[in-house]
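Input: a single structure, listed below in structure tokens.
The values are calculated or read from the model by the stated rules, or taken from the named source; none is laboratory data. Everything numeric here is computed off the predicted structure, so don't read it as measured data. Reconstructed Cβ throughout: ideal geometry from the backbone, glycine too, with neighbour counts over all protein chains shown. These area figures cover heavy atoms from the full protein model, side chains too; ligands, DNA and RNA do not enter into them. Shrake-Rupley method; radii C 1.70, N 1.55, O 1.52, S 1.80 Å.
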Amino acid sequence: MSTDDTTTTETEVSTSNCGGATAADAETETERKCGASSDSNGSKSSCGASTDDEPEVGSTADDFDADPGKLITVGLGPGKPEGMTARAKAALADAEHIVGYRTYVDLLPDEITEDAEDIYSTPMCGEVSRTEEAIDRTLAGNDVAIIGSGDPNVYALSGLALEILESKGGSADAVDFEVVPGVPAAQSCGARLGAPLVNDTVSVSLSDHLTPMAEIESRLHAVAPEGFTIAIYNPWSRKRRENFQTCCEILSEHRDPDTPVGVVHGASRDDEATMITDLETLPELGEEEIVDMTTTIIVGNEDTYVFEDRMVTPRGYETKYDY
């Protein structure tokens, strides 16, 4: 496989054509690119932008003459190569093209990026354009991997890939669609905190540009009174900083101020930071560096407690067994 600079330099790969032409080719190429509906540099969408900013899906399956390749969505887990499953590494090693959010591409091991024929990346909020790019490359006959942190089925792109494939008139069987799971953020962050997720758990994303805050508030009001541990994804962004405060207010309505809360920033990455605090203190962290889009917050239930700097949520064995 090619290992020249054109396959690994992001500013160049984002203009690669269907079939993996290099940036130099793209400068003179006037034919439709694979994923022609995508912005060539992904800069039109900003973090928190409306999905209306995303281009509409353009080409259909009938526009391609080749036998479709394989399309896989791969979860990288928390980020470091050692956090990836063996299955994920094997899938990426077999993929000819890799498509993903630029930050996630940067997390890939060198041996993966160096062996890939082509890598296509976009900035944040280019979900539709890069997913269509991956599908068009697959329909053109390439084996393609769409990557994301955590698990592809948790606030990620597996569903979108199937939706776009269907809208193009494609077949999941024809492209040999597969999902390769990864360790979700709640689980990797929970492991850093001790054992907070041993009982019933629900997840909520606060900075989800696809979901109105009113709907997020409704979900929080529904789950906060229940005996769930709550995993909060994407708790704070510059454009949605008020969502975090609203979340804290709702939780405080239903849970005791001394409820244990675990905060994990950048799990398994170079800037990882971990804190165990309580619900009363949580609002104060909204403007601190530890809380941002790479942070996951675990809010304990009424039984969660702290034992030697570790959160523990009992499973209920103590009600049935003596120990």
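Looking at the stretch 222-306, the trypsin sites (Lys or Arg not before Pro) that sit in a DSSP loop and have at most 13 other Cβ atoms within 10 Å of their own Cβ are R238, K239. Accessible surface comparison of T211, T60, probe 1.4 Å, protein chains only, largest first: the order is T60, T211.
Its residue count N sets the reference 2.2 N^0.38 Å, and the alpha-carbon radius of gyration of the stretch 71-183 equals 0.94 times that reference. Working note: Cα gyration tensor of the stretch 186-312, eigenvalues times five, square-rooted, sorted largest first, giving semi-axes of 20, 18, 13 Å.
Taking amide H as placed 1.01 Å from N in the peptide plane, Y120 has its amide H under 5 Å from the amide H of I98, V99, G100, each at least 5 places away in sequence or on another chain. In sequence order, the stretch 316-322 has phi-based couplings of x, 4, 5, 7, 10, 10, 9 Hz under the Karplus curve 6.51 cos²θ - 1.76 cosθ + 1.60, θ = phi - 60°, and Gly or Pro positions carry x. Here the gap between E253 and T85, fully extended at 0.36 nm per residue and compared with their Cα-Cα distance, gives a gain of 56.5 nm. Database remark: amide H of S205 closer than 5 angstrom to the amide H of Y233 (H placed geometrically; neighbours at sequence offset of 5 or more, or on other chains; Pro and chain starts carry no H).
Do any GluC sites (Glu not before Pro) in the stretch 182-254 lie in a loop, going by DSSP, with at most 13 other beta-carbon atoms within 10 Å of their beta carbon, and if so which?
Numbers: sites: E215, E217, E226, E242, E249, E253; in loops: E226.
Loop-located and lightly packed - E226.
For the stretch 186-312, what proportion of DSSP beta bridges, expressed in % and rounded to the nearest 5, is antiparallel?
Numbers: 17 of 24 bridges.
Antiparallel bridges: around 70 percent, rounded to the nearest 5.
Filter the GluC sites (Glu not before Pro) in the stretch 55-126 to those in DSSP coil with at most 13 other Cβ atoms within 10 Å of their Cβ, and list the result. Walk me through the numbers on the way to the answer.
On the way: sites: E56, E82, E96, E111, E114, E117; in loops: E56, E96, E117.
Those satisfying the criteria are E56.
For the stretch 102-156, compute the orientation-averaged projected area of the C-alpha convex hull (one quarter of its surface), in nm². Please report the intermediate quantities before stating the final value.
On the way: hull surface 16.3 nm².
Computed as one quarter of the Cα hull surface, the answer is 4.1 nm².
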